[in-house]
Amino acid sequence: MGITRNGLPIRSIDTVCNGDIIKLNLSDEKFLEPNPELKVPVIFENEDIAIFEKPAGMPVHPSIKHQGDTLGNCFAYLYPEFTFRPINRLDCNTSGLCAVAKNSYGASHYQGKIKKTYFAVAEGITEESGTINAPIARERESIILRCVREDGQKAVTHYKRLLFNEKYSLLEVNPETGRTHQIRVHFAYIGHPLAGDDMYGGKTDIINRQALHCGIMEFDGKIIKSQLSSDISDIFEEDFLI
């Protein structure tokens, strides 16, 4: 990142005076292959951030198995001048809002400052509301799986029940911390795994992916909402307006 004062390069430790014109060059290297075939809605943006409505089944980052079909490849096409800097990361099969910074300033400014609200369908009838405070660690034999364990990192999840039927509960979930698979692990831990989440004990008879959707983001006095995906709302046979 380059810094100039009155058109001349300076260092971050140099003194500036009243009236000086300071410019930051926020451009940086691009490395993801753009894919114009990917269509992911951008539901909010400003000069520093773009918020996508990511569908289930799309990874955020490229991997060995996913080289051109990720949110990063979509971003690279829509914003060829920017490097892909996701601020929140959703699992491949989690749908909903995913914020991406357009530059290093946006990445720094918004990191840890976006409040996220998720909507999940858990198996069974949960309590009307509650807090799950249980540390999460990596399963010793697995790179991917997580579990509740005393020597894990602090993890706290707040929830309230919005709807329920004889088999499922629709929950509003507010994670206080951001551990990998936190919501999925916590609800499995209390005996209510997410519908469709066979990795953590959920059944796939009604939905074939974890029923988890990032539905609301709040930052800088703004509230951004994403409509609950149809495969989740169909579980309750009614539309649920966020």
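The values are calculated or read from the model by the stated rules, or taken from the named source; none is laboratory data. If you're wondering where the values come from, they're calculated on a predicted model, not measured in any experiment. Here Cβ is always computed from backbone atoms with ideal geometry, including for glycine, and neighbour counts include all displayed protein chains. Note: accessible area is taken over every heavy atom of the protein model, side chains too, but ligands, DNA and RNA are not part of it. Shrake-Rupley method; radii C 1.70, N 1.55, O 1.52, S 1.80 Å.
Across the stretch 144-155, the qualifying residues are those that are within 17 Å of E176 (Cα to Cα) and out of contact with any Ser or Thr (no Cβ under 7 Å at 6 or more places or on another chain), and the one among them that is most open to solvent (accessible area, probe 1.4 Å) is Q153.
Looking only at residues in the stretch 144-185 that are without any contact (Cβ under 8 Å) to a residue 60 or more places away in the chain and β-branched (V, I, T), the one that is farthest from G201 (Cα to Cα) is T177. How about the stretch 173-187: which of its residues are open to solvent by 40 Å² or more (accessible area, probe 1.4 Å) and either among the charged types (D, E, K, R) or at pLDDT 95 or above (or both)? Those that are open to solvent by 40 Å² or more (accessible area, probe 1.4 Å) and either among the charged types (D, E, K, R) or at pLDDT 95 or above (or both): E176, R179.
Exactly one condition in (1) buried (at least 16 other Cβ atoms within 10 Å of the Cβ); (2) without any contact (Cβ under 8 Å) to a residue 24 or more places away in the chain; (3) more than 26 Å from S169 (Cβ to Cβ) is false for E141; which is it? So the condition that E141 fails would be (1).
Of the residues making up the stretch 148-168, none is in a helix (DSSP H, G or I), over 19 Å from the mean Cα position of the chain (by Cα) and acidic (D, E). Taken over the stretch 220-235, the criterion of being surrounded by fewer than 18 Cβ atoms within 10 Å (Cβ to Cβ) and touching a strand residue (DSSP E or B) at 6+ places or on another chain (Cβ under 7 Å) is satisfied by I223, I224, K225. Here S108 meets each of (1) of a type in the set (G, A, S); (2) under 13 Å from the mean Cα position of the chain (by Cα); (3) open to solvent by 10 Å² or more (accessible area, probe 1.4 Å) with one exception, condition (2). Close contacts from the stretch 97-112, counting a first residue that is aliphatic (A, V, I, L, M) and a second that is in a helix (DSSP H, G or I), with Cβ to Cβ under 6 Å and a gap of 6+ residues or different chains, come to V100/F75; A101/A107.
What do you reckon, is V42 of a type outside the set (K, R), surrounded by fewer than 17 Cβ atoms within 10 Å (Cβ to Cβ) and within 16 Å of the chain's Cα centre (by Cα)? Yes; evaluated as a whole, the condition is true for this residue.
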